[in-house]
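Notes to accompany the following structure.
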Amino acid sequence: MRTRWAWAALLFGLAAAFGCGSKSATCKTGAEGCACFENNTCFSGLTCASHLCVNLGGTGGGGGAGQGGTSGAGGQAGSAAGGTTGAAGTIGAGGASGSGGMAGAAGTGGAAGTSGGGGMAGGAGTTGTGGGGATGGSGGSSGQFGCQMSDVPPSALIADFDSGLPAGGTYVYSSPPGASPSTSIVNGKWHVTATTVGMASAAQYWAFGIYLKGNAAGTDCVDAGPYIGQPTGGVQFDLSGTIAGTGCSAQYSTVDSAHLDHALDPRGIAGSSDYAPQAALNPTGVVQTIKMPLTGTGAPTGGNPQIGVDREKLTGVQWQFTTAAGTAGGCSFDFTIDNVKFY
């Protein structure tokens with residue numbers, strides 16, 4: 001707009017200065033202020049505008065630079081199916097040619113968006129090992145380990161076996177893998193027996209236990225805090241039985257999430273070499289009520305990692321038969337367990 005107004009003012013001034021009468025007497029066709037040639041041109045350095053040769057005082061303005069392309073939109077955040085690829089950027093428009101000037105440079109194309117990374121799928125949950133007529137293993141997981149929830153049980157009673165196996169189920173295992181303890185319900189009590197053969201270079205650990213499940217699916221841990229007294233409360237049970245053989249022993253453990261192998265039960269956060277603190281058992285032919293506090297005098301010790309058991313994240317109670325390496329003739333175990341509960 002500013003260029004058009006300048007031309008109009010110039011032409012008006014020329015018309016006022018030269019007039020029609022003087023143009024025919026003194027103007028030379030193609031000269032400044034005079035008529036243009038028939039092909040609408042003038043002498044060098046002049047421009048034909050509205051049929052008059054004028055000096056515009058400079059060359060044409062350069063073309064405007066082309067507008068840059070719009071950058072491509074980034075890919076959406078990755079899901080399990082992979083992220084959406086970003087759209088390519090729009091090519092920039094070329095610059096407009098100036099009057100007598102250089103054409104504007106074309107805009108640069110926008111960069112394509114980056115593809116989103118694929119989401120990671122959760123690992124399938126591990127089914128718990130049934131054993132000794134177990135009513136079921138621990139529930140599966142969506143790839144998360146540890147106690148996602150803990151529930152308070154309806155009472156302090158864990159199992160009395162009068163109605164069979166406890167609702168949470170029982171289990172047995174052996175390390176190294178092989179034979180394991182035999183279990184049965186006899187007269188409303190849990191009867192467990194085992195006969196081992198000594199190994200020269202390896203100790204044997206045969207265990208049996210009761211799952212503590214906070215919910216029916218077995219995905220929650222147990223919060224026994226309301227039933228375990230402070231500071232010396234824990235788990236108690238009635239025990240009678242015998243251990244025969246040299247290098248033969250038995251232990252008890254209260255198991256929580258921090259000492260449970262997550263490969264066996266997704267409620268655990270421990271590894272295959274970890275285990276709960278242990279306390280020695282010395283049964284007799286007479287029934288004894290054994291009390292195992294979680295902390296303090298008489299509580300199980302050791303374990304890996306060597307940290308206390310969390311009463312709000314319990315996963316089981318366990319008994320173990322141990323046959324030391326090099327035990328000649330093996331070991332014989334015969335246990336009867338009843339009235340397992342928190343105190």
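The values are calculated or read from the model by the stated rules, or taken from the named source; none is laboratory data. Computed from a prediction, not measured in an experiment: that's the story for all the values here. Ideal geometry is used to build each Cβ from the backbone, glycine not excepted, and the neighbour counts take in all protein chains shown. SASA here: full protein model, heavy atoms, side chains in, ligands and nucleic acids out. Shrake-Rupley method; radii C 1.70, N 1.55, O 1.52, S 1.80 Å.
Residues in segment 226-262 that are touching a Cys at 6+ places or on another chain (Cβ under 6 Å) and open to solvent by 30 Å² or more (accessible area, probe 1.4 Å): GLY245 only. Once segment 204-222 is narrowed to residues that are open to solvent by 30 Å² or more (accessible area, probe 1.4 Å), in a loop (DSSP other than H, G, I, E, B) and out of contact with any Gly (no Cβ under 7 Å at 6 or more places or on another chain), the residue that is modelled with the highest pLDDT is ASN215. Out of all the residues in segment 161-170, which are at pLDDT 95 or above and open to solvent by 30 Å² or more (accessible area, probe 1.4 Å)? None; the set is empty. For segment 141-148, check the following and say yes or no: at least one residue is hydroxyl-bearing (Ser, Thr, Tyr), surrounded by 15 or more Cβ atoms within 10 Å (Cβ to Cβ) and part of a strand (DSSP E or B). Looking for residues that are hydroxyl-bearing (Ser, Thr, Tyr), surrounded by 15 or more Cβ atoms within 10 Å (Cβ to Cβ) and part of a strand (DSSP E or B), one finds none in segment 141-148, hence no. If you go through segment 263-311 and keep only what is open to solvent by less than 30 Å² (accessible area, probe 1.4 Å), part of a loop (DSSP other than H, G, I, E, B) and touching a strand residue (DSSP E or B) at 6+ places or on another chain (Cβ under 8 Å), you end up with ASP265, ARG267, GLY268, GLY271, ALA276, PRO277, PRO283, LEU294, ALA299, PRO300, GLY303, VAL309.
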